[in-house]
1. Rank-order B:270-281, B:171-182 by packing density, defined as the average count of other C-beta atoms within 10 Å over each peptide's residues, highest first.
2. Can you give the average number of partner chain beta-carbon atoms within 10 Å of each beta-carbon in peptide B:50-62, as a whole number?
3. How big is the Rg/Rh ratio for the protein assembly as shown, C-alpha atoms only, Rh by Kirkwood, two decimals?
4. From Cα coordinates alone, what are the radius of gyration and Dmax values for segment B:257-416 in angstrom?
5. What would the Debye equation give as log₁₀ I(q)/I(0) for chain B at q = 0.08 Å⁻¹, counting only Cα atoms as equal point scatterers?
6. Among residues other than residue B:259 whose Cβ falls under 11 Å from its Cβ, what is the net charge (Lys/Arg +1, Asp/Glu -1)?
7. Step through the table entries A:60/A:160; A:60/A:187; A:34/A:75; A:32/A:60, compare each Cα-Cα distance with 20 Å, and write down the pairs that go over it.
8. Taking every DSSP beta bridge that has both residues in segment A:34-163, what percent is antiparallel when rounded to the nearest 5?
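What follows draws every value from the coordinates through simple rules; no lab data is involved. Just so it is clear, the model here is predicted, and its values are computed rather than measured. Using ideal geometry, Cβ is built from the backbone for each residue, glycine included, and neighbour counts are taken over all protein chains shown.
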Amino acid sequence: MIRARYRLAQLVAVALVLLGALPALAQKPNPKRKVAVLEFRKGSAALPSAAAISAKLLRKQTSLEVMDADDARKKYGSHLGRDVFACQGATRCIARIGRKLGASEVLLVGVSEFGDVILTLQRISARNGRVLTRIAEALAHDAEPTAKAMTRYLKRVMPKSDFIRYGVVRIKANVNDAEVFLGDHRKGVTPISPLRVRAPATYKIHLTKPGFVPFTASVDVPPEAVVKVEPTLVPRTTPAWYKRWWVAAIAGTIVVGAVAIGASSLQGPANDVPVRIPPQ
Amino acid sequence: MLAQRAKLTACLVVISVFEMACLGEGSVEVKLQLPEDPDLSPLQLNIGEVTLMTEMPGEPAHSQSQQVLDVSDGVDLGRIDVGDDVKLTLSMASPSQRLVGFGRSAPVSVEADSDVVVPINVRRPFVYMTGGLNITVFDSTQDQESADYQSAIGVGGSPVLVAPTPDGADLAVVSVGGNGTFLSLVSTSTHTRRDEIPPVALGPYPTDVAVSPDNRFLVVAHEENPGGQGGLSVIDLAAARSGASSIQFVPLAGVGGVVVSNERAFALVGRATDFGCPQDVSSVVAVDLNSGATGPTVSFDHGIHDVAVARDGHTIVVADSCDDSLISIDVDDDASRVPLASLTDASAVAIVNDRVWGVGTKAPTLTEGARLELVSIPVSGNMDEMTRVALPPAEERAKSNSFNTPGQRAQQVLDADALIAYELAVVPGAGHIALLTRSVFQGEESGDLGGFPIIPQMELRSWEYLLVNAATTSIVQRQRTKCTVEWDSFSLPWLDDWECGSLPEQDVVAAPGYEPLKISVLYGAK
């Protein structure tokens, strides 16, 4: 146990540098495409903020360029609501509005009533008006979906890839030929190219080289950011690393960061899983 | 130093949690079990959209749809919540949104870190009808104009009752032949009898058949007759499928119909079958499927035409033509009889998920014949969600054969004076409703030429199968299986030779035809 604690204290060698957004990832559909979130109501005043919440959640959880109602109105004009209503849900008509907004897709949030409140989410291609995906949920009149529930709906209607975000871990060690492990996976030896990883997530980084004290660190990788890690591997012949004066000074900072990581990870396992029909 | 140790311990927790998060994500793979006979497969049709509905105990069902070009390429259906007893329902719709394929899974456990394969028998929602020499099969994915909208399944003997098993794999068919009454299973994968399973001998006078939603029990109702005892034959379906027969007979006098929940059968004793409000007395008797114990009994001081049972297993809904309504009754609390919807001459009822469908008849007026009326309302009785549609007035044509000269003809258009839909089955998704109707058309004597009527007084009787689009009320399939016409020859009418004519949209079975007995829909509801 004592030994493990000492190893964890090696976190002192980590420096986190956020270098801004990464270039768009080469995937289909483009995870950074522009999506206009529009609202269509038919005889219902329920769920007054369904579209606004959808836009907010998409902004927070994806890399999409999300255009909410206010953004869309600024670009399209004050008659946006009237024109959306005039479409009466016809997807080609909605697509025309989407094209005028410069969006690749429109997420049409529909609210109507058929006994219960019916919330519909339709992902419409602005190019041709094709409905790419859609879902319908029946909600009680007084039930405003929680952010968690809305997230679940959005994950069903938007491509899974939209919710997969990446960050980069850049490792620059003080020695060459040290083996680099990300979690349990060996990634190569130093000097090593930047590693693209799923984000947000916490990763254990482990470097080892014969004759040197192994290095272990835990880093929190935010989405679309580069986390720079500069491990210092200390030769075993030199005084024990933990006797150096700067150990205690930096350890505090890193451990506080790690506790924050723990709080986010303690949310537990996923509450939903993908479902598909395999090719026949 | 103590503070530093505490912080280091926190780091250990972080590493442990991190490792948990590294575990792989689970997934659900829906394995389509398609018919062996490709002509029965939904994939032979043009599919534009696939919808997955997920039901979890205690939570509202939700669905997600995916536009597809070719299901064979695989379909990403989004994500579903993890949980136990998750039921998946898969439906495939044509580009025009017509249901062309349907399937339902057994309850499964969806886990966050396990891959689950869920097999689903995916079938076209066929309508099966008995009464003829074979089972008549109507493909509800086709309009009547399609040459292959109907086919037939021969099972040996005369099939009188048919009910698909809720897992979509088989049809339970009760037939009557030289060897008595017997039950056989027909594969929905091939539309052929499963010859590896020997027929199960049953008592005589079968009136109805139903299968429990969990596929455990198959129940056949028997009418009482001098040659046989009335009651219910409760059959272990798994045993029947394995070639063994395990029948528990529950004696009950005069059972005319039966519906089944997972635990209980509800036998309709003294079932009314005629037009209007009958004088008979009916009751619904609950029968425990495991023990055979009977009770409680819900009694009526008049005849009841039909009964359906809700998913909760204790709420039944009856079609009460005397009270002109659909009535919800908690069988465990007979005092709670709640009128759900007014429905003149209510004659048949079905429950789809938590929604009741009923059919009744609106009486003829001075200008129009009788017409059918369909009502749909939640089992909960929320009137705000009730829908009510009337079908076009029923009419038939009687054709005179008295003209020999080409180019001449006489037809009498007759409005329905009496009409009853005695069978109702709802196609999955409730987009279409299948009905069996019996009608009486009476024509007055008319015309006078030299003291003799030109057209005699006549009575035409017809039996029809209808498939109705529930949204538009248009009739997309219509087949008259039997028609008879009688007229008053004693009045010496000028036109004294008549036969049933036909309507342009009506498919007609050649005389003598047959009176259809039962209909059911694969994955549908009755």
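1. B:171-182, B:270-281
2. On the way: counts 1, 3, 5, 1, 3, 0, 0, 0, 0, 0, 6, 2, 10.
Rounded to a whole number, the mean comes out at 2.
3. On the way: Rg = 34.4 Å, Rh = 31.1 Å.
Result: Rg/Rh = 1.11.
4. Rg and Dmax of segment B:257-416, Cα atoms, are 19.6, 70 Å.
5. Values, matching the q order: -0.56.
6. Working: positive: B:264, B:526; negative: B:208, B:306.
Computed value for this residue: 0.
7. Working: A:60/A:160 15 Å; A:60/A:187 30 Å; A:34/A:75 13 Å; A:32/A:60 13 Å.
Listed pairs above 20 Å: A:60/A:187.
8. Numbers: 18 of 29 bridges.
DSSP beta bridges in segment A:34-163 are roughly 60 percent antiparallel.
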